[in-house]
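Here's the structure, in structure tokens; my notes come after.
The values are calculated or read from the model by the stated rules, or taken from the named source; none is laboratory data. Note that the structure is a prediction, hence the values are computed from the model and not measured. Because the Cβ atoms are built from the backbone with ideal geometry, glycine has one as well, and the counts that use them run over all protein chains shown. When the accessible area is computed, the model is the full protein with side chains, heavy atoms only, and any ligands, DNA or RNA have been set aside. Shrake-Rupley method; radii C 1.70, N 1.55, O 1.52, S 1.80 Å.
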Amino acid sequence: MKNSTIIIVGGGASGIMAALSAKNHNNRVIILEKNNRIGKKILVTGNGRCNYTNSLLTENDYNNPDFVKVVYSHFGYFQTIDFFESIGILPKIENEGKAFPLSEQASSFLDVFLYEIIKREIEIKLEFNVKQIKKKSEYFYVIGANGETVKADKVILSTGGKAMPLTGSDGSGYEIAESFGHKLTNIFPALVKLRLDFPYLKHLSGVKINSQVDLISNEQLIQSEYGDILFTNYGISGPTILELSRKANSLLLEGKNVELRVVLIQSVSKAKLIDRFFSNPNKSIEQSLIGLVNKKFINVLVKESNIEKNSILIKDIDKSKILKLVNLLFDLRIKVIGSLNFEEAQITAGGVNLNDVNSKTLESKLIPGLFFAGEILDVDGRCGGFNLQWAWSSGYQAGKYASMD
Ligand SMILES: Cc1cc2nc3c(=O)[nH]c(=O)nc-3n(C[C@H](O)[C@H](O)[C@H](O)COP(=O)(O)OP(=O)(O)OC[C@H]3O[C@@H](n4cnc5c(N)ncnc54)[C@H](O)[C@@H]3O)c2cc1C
């Protein structure tokens, strides 16, 4: 389209990618960003190293695989690696396929983006907080908090979700999408620490262990993860927990009962443990547990098995209580009651319903000329570079099609 104007609302990962993809010699591309700089969230990703994609990625790493598959068939992992190489970022692939820039600095992304933005003559309006967008005949009127209005032929909404609102993503894009008739799915924090109902949290606070944790709902195994977990005074955190948090929150929203099963012992059989206890009848229960589990767990296990005190000798304990304790080592149940809020979450689950969005072009099926990119859509992925990959891919596709006639 000759001399068309494409407005990108939100200068985060997906919006910047959309701008780079949309710009050609015939159009004007303007990023409207409410912050005083673009890409604020990119700087905090991957602990400042930016885990920007994942070499093992498949569509099944996302909540809506069918939609994601279409987008990635056009611009997926390899296109992303090539694109970033072409603008200066080389990958360093680490464990589990996680890709970081060789520089190990998230700021490298902003540096190359700013260079490309200037080179391609993309315009940026900072501190432009979009409050409303109206469409009259074929034009969009994008209105800022201070009343300033920018006219556009096409609009890409890339305002992110609600996670970490300090970086700018406060959910305002959802209202704009709704004002055009788009429906939202349930929105809730994901990749977030969980809150537990467990009387020993104060006692266990600060204890870090490496273990298997299963998410259980109504005695059904929902998801199983293995890795570091950390107990805190409100609940539990660590990479394993972040991975479980999406399903946990989603089940809680449905009113389901949610528990964690912490598997404290993996490498020893139940029979061997039972033998360990009963072949040392003159040892106290505390002494028998030392060397098996973190010492802070001894109190927890003793209390949960209704054993009177830590110093009691094995020979004086009812056999059924010892067997209960051994079972707890393999199946310690803890009730999940929620999670920390959006301030603490890495991503937002839920968003603009995909039924009304074209999976190839990312254009609204309701409003021609309106496109979506990034976390504002009902797409979220696992921890490990999957969410930024979605931002790049959806941004690229939205920008490409917004720039077409
Ligand atoms: C601490 C943390 C670490 C993370 N680490 C990783 C990681 O290593 N790898 C990974 O894949 N993912 C990671 N993520 C997730 C990833 O950062 C996001 O999924 C991704 O940034 C989403 O991109 P986006 O463009 O959709 O939204 P955002 O990056 O949130 O950008 C949205 C932009 O829109 C602007 N905006 C919002 N509303 C308006 C408005 N009304 N007017 C104007 N501008 C507006 C905001 O200011 C913001 O700049 C992490 C997230 C967090 C919080």
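Using every pair of distinct Cα positions in the chain, the Kirkwood expression returns a hydrodynamic radius of 23.2 angstrom. Taking the Cα centre of the chain as origin and assigning +1 to Lys and Arg Cβ atoms and -1 to Asp and Glu Cβ atoms, the resulting dipole is close to 660 debye. For Tyr226, the accessible area of its heavy atoms, probed at 1.4 Å with every protein chain present, is near 140 square angstrom. Cα centroid distance between the range 169-209 and the range 90-117, in Å? The two parts, judged by their Cα centres, are 27 Å apart.
For the chain, set up a GNM with springs between Cα atoms under 10 Å and report which of Glu104, Glu343, Glu94 has the largest fluctuation. Of Glu104, Glu343, Glu94, the Gaussian network model singles out Glu94 as fluctuating most.
By accessible area, using a 1.4 Å probe on protein heavy atoms only, the chain has 48% of its surface on carbon and sulfur. In order along the range 254-261, the Karplus-derived 3J(HN,Hα) couplings, from 6.51 cos²θ - 1.76 cosθ + 1.60 at θ = phi - 60°, round to 7, x, 7, 7, 10, 10, 9, 10 Hz, and Gly and Pro are given as x. Comparing mean-square fluctuations of Ser86, Ser205, Ser103 from a GNM of the chain with C-alpha springs under 10 Å, the top value falls on Ser86. Loop sites by DSSP among the trypsin sites (Lys or Arg not before Pro) of the chain, restricted to those with at most 14 other Cβ atoms within 10 angstrom, leave 38-119 as the longest stretch without any of them.
Charged neighbours of Ile42, selected by a Cβ distance under 13 Å, balance to +1 (K, R count +1; D, E count -1). Applying both filters, DSSP loop and at most 10 other Cβ atoms within 10 Å, to the GluC sites (Glu not before Pro) of the range 147-243 gives Glu219. Averaged over its residues, the range 193-339 has an accessible area of 48 Å² per residue, based on protein heavy atoms and a 1.4 Å probe.
Counting 0.36 nm for each residue step from Asp82 to Val70 and taking away their Cα separation leaves a gain of 2.4 nm. In the range 193-339, the ratio of gyration radius to Kirkwood radius, Rg to Rh, stands at 0.99 when only Cα atoms are counted. With each pseudo-label sitting 7 Å past Cα toward Cβ, what's the Asn341-Asp111 distance in nm, one decimal? Placing both labels 7 Å beyond Cα along the Cβ direction yields 3.7 nm. If you run the Gaussian network model on the chain, springs between alpha carbon atoms under 10 Å, then out of Glu363, Glu116, Glu138 the most flexible one is Glu138. The distance linking the range 321-399 with the range 265-306 is 39 Å (Cα centroid to Cα centroid, whole angstrom). Look at the alpha carbon pairs under 8 Å that are at least 6 residues apart: their mean separation over the length of the range 193-339 gives a relative contact order of 30 percent.
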